[in-house]
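These notes are about the structure you will find just below.
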Amino acid sequence: MKPGRKDNGMSSQAVHRNIFDIGRPGQSQVLQQPTISPSEYQQHLNEGLEPPPLTTSSVRYWSDYNHVFYHPRSIVQLHEFELNSSLAPFERWSTGEELFSNLDKEHDLLDKDLRPFLEECDQLQGVQLFTSTDDAWGGFASSYLERIRDELGKTSLWAWGMEDGTRKPRDRQLLQTTNSIFSLSSLTESASLYIPLTTLPQTLPSYISPYDFTSKWHTSALQLTAVESLTLPARLRPDQPSRATLSDFESTLSNSGKRRLAHLSLSASPPNATANGAANGHGPDHDARTRDGINGGPHAEDTAEDEAGIMTLDVDLAPAPPSLEGRAPRRGGGGGGQTFAQIQSLRGTFKSSLEIEDVNLASRNKYSAAASEGVRVSCHQSGLLFGMLGSFPRIYDGAQRGGKMEVRTALTVGSGVSAGVRGLERVGRRVLGVEDREAVCERLLAVAEEYEEGWSGGESEEDE
């Protein structure tokens, strides 16, 4: 959903001229904004021609590289605000919350916009909501998700929160941080799982180049690689061994707690690694345990994996903990502390079927290294590589246009998650108004403690 301007027959230039001419001497002048012409890429697609290569300068909006034919009811125009307006900017959390309230009073948004699609679903797994959380869309999405939760009860509701990782002037940075505080506090109440995503990871491997963090075309492509790959098991057929539902993911990540906040990370590589692994005898039926646990191919040097099976990948998409003085050092989903659980989704041949079985069984074996540390790991591997359309930006070095990539993703919950939440809570106590401060900060502390008490509790039980 995008804010836009209402357009109807009464807004034509001829009608305005007639209205202004009534009872007014002289000539009237009509000011009309220029229309946005289709991009050259879209013009070629419409004419059935081979489209030209896309660049960051030629991509202005998401529609400039769009290939999808949308259902007429799947795009809803909101007329109250204009995109990038300087007169009435759509940038405060409360503005989005108020907009949803007003629209929902006028006509039930869930019944009007969402229910028709829900009724067409067979065996509904859940609903995934993608929204920016550091502007007014955070308030709009939080209210919408609360309505969905009231309607769907215990259905899985995943919220993906997009945050702009670039530095801004101090006043704008404070506004975005305040919006993120409200969003995290509200979304973790309604969502069964909340995953924040930054546009600018703190570190990027050399194979992600060129990467323009000011281009939403580039930043959304990196995020899409991770999101689409992580959720692949939920889209597989029921007879596939790597199949898992959104509810299965939630059960693993909660690990006997109420942990609804997770961090996403990924690594990517060209598909020739799969061929190298198979040629060296490390295909899907090869048991790497017969070679001292060393996996073939170039992946072994790229990804660290501890005794409990926890993977550390190249790109951490979790936003850095905020600070009024700047960005605090990152503490990732499980790095720098205890990891409680991790979902692994692998696209390519990285592990043998026996290795995957060992990893999954270890979480249930009380004598395993994972169980002794209170860690649960669920690993899913598929031979379906990540496909890149011709409109996908060339952000991966060595990837061919329209080619495929091997991708490893991990969704992690651990004690390190609390660093970001406590960072937001500290900032919130200094910038939030009196009417919101205590309630919001108490909710953030409750979220953070879920990633600390479980670890401390495990240690005390071991000491006893």
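Of the residues that make up segment 251-259, is at least one out of contact with any Leu (no Cβ under 7 Å at 6 or more places or on another chain), among the charged types (D, E, K, R) and either assigned to a loop (DSSP other than H, G, I, E, B) or in contact (Cβ under 8 Å) with a residue 60 or more places away in the chain (or both)?
Among the residues of segment 251-259, at least one is out of contact with any Leu (no Cβ under 7 Å at 6 or more places or on another chain), among the charged types (D, E, K, R) and either assigned to a loop (DSSP other than H, G, I, E, B) or in contact (Cβ under 8 Å) with a residue 60 or more places away in the chain (or both), which makes the answer yes.
Tally the residues that are surrounded by fewer than 14 Cβ atoms within 10 Å (Cβ to Cβ), among the charged types (D, E, K, R) and at pLDDT below 85, restricting the search to segment 46-94.
0
Every residue in segment 156-175 that is hydroxyl-bearing (Ser, Thr, Tyr) and either at pLDDT below 95 or not assigned by TED's automatic domain parsing to the domain that holds residue 93 (or both), please.
166
Name the residue, out of 178, 133, 203, 199, that is touching a helix residue (DSSP H, G or I) at 6+ places or on another chain (Cβ under 8 Å), at negative phi, of a type in the set (Val, Ile, Thr) and not assigned by TED's automatic domain parsing to the domain that holds residue 105.
None of the others qualify; the one that does is 199.
Every residue, every condition in (1) out of contact with any strand residue (DSSP E or B) (no Cβ under 6 Å at 6 or more places or on another chain); (2) surrounded by fewer than 23 Cβ atoms within 10 Å (Cβ to Cβ); (3) outside the structural domain of residue 229 (by TED's automatic domain parsing), yes or no:
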| residue | (1), (2), (3) |
| --- | --- |
| 373 | yes, yes, no |
| 378 | no, yes, no |
| 388 | yes, yes, no |
| 391 | yes, yes, no |
| 394 | yes, yes, no |
| 397 | yes, yes, no |
| 408 | no, no, no |
| 411 | no, no, no |
| 427 | yes, yes, no |
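Yes or no: segment 347-356 includes at least one residue that is over 30 Å from residue 167 (Cβ atoms), at pLDDT 90 or above, in contact with a helix residue (DSSP H, G or I) (Cβ under 9 Å, 6 or more places away or on another chain) and of a type in the set (A, V, I, L, M, F, W, C).
Yes, segment 347-356 contains at least one residue that is over 30 Å from residue 167 (Cβ atoms), at pLDDT 90 or above, in contact with a helix residue (DSSP H, G or I) (Cβ under 9 Å, 6 or more places away or on another chain) and of a type in the set (A, V, I, L, M, F, W, C).
Where the second residue is buried (at least 22 other Cβ atoms within 10 Å of the Cβ) and not β-branched (Val, Ile, Thr) and the first is on the phi > 0 side of the Ramachandran plot and lies in segment 379-401, which pairs have Cβ atoms under 9 Å and are six or more apart or on separate chains?
Listed pairs, sorted by first residue: 398/269.
Scan (1) touching a helix residue (DSSP H, G or I) at 6+ places or on another chain (Cβ under 9 Å); (2) outside any strand (DSSP E or B) for the single condition residue 172 breaks and write down its number.
(1)
Which helices (runs of 4 or more DSSP H) does segment 347-446 wholly contain that include 2 or more residues that are in contact with a Pro (Cβ under 8 Å, 6 or more places away or on another chain)?
Here the list reads 417-431.
Mind checking which residues of segment 135-187 are among the β-branched types (Val, Ile, Thr) and more than 18 Å from residue 433 (Cβ to Cβ)?
Within segment 135-187, 148, 155, 166 meet the criteria.
Restricting the search to segment 225-250, which residues are buried (at least 21 other Cβ atoms within 10 Å of the Cβ) and free of Cβ contacts under 8 Å to residues at least 24 places away in the same chain?
If the condition is that a residue be buried (at least 21 other Cβ atoms within 10 Å of the Cβ) and free of Cβ contacts under 8 Å to residues at least 24 places away in the same chain, then no residue fits.
Can you tell me how many residues within segment 327-346 are among the small types (Gly, Ala, Ser), at pLDDT 50 or above and part of a loop (DSSP other than H, G, I, E, B)?
Count: 2.
All but one of (1) under 22 Å from the mean Cα position of the chain (by Cα); (2) β-branched (Val, Ile, Thr); (3) within 24 Å of residue 184 (Cβ to Cβ) hold for residue 95, so report the exception by its number.
(1)
The values are calculated or read from the model by the stated rules, or taken from the named source; none is laboratory data. Remember, predicted model here, so these are calculated numbers, not experimental data. Here the Cβ is made from the backbone with ideal geometry for all residues, glycine too, and neighbour counts use every protein chain on show.
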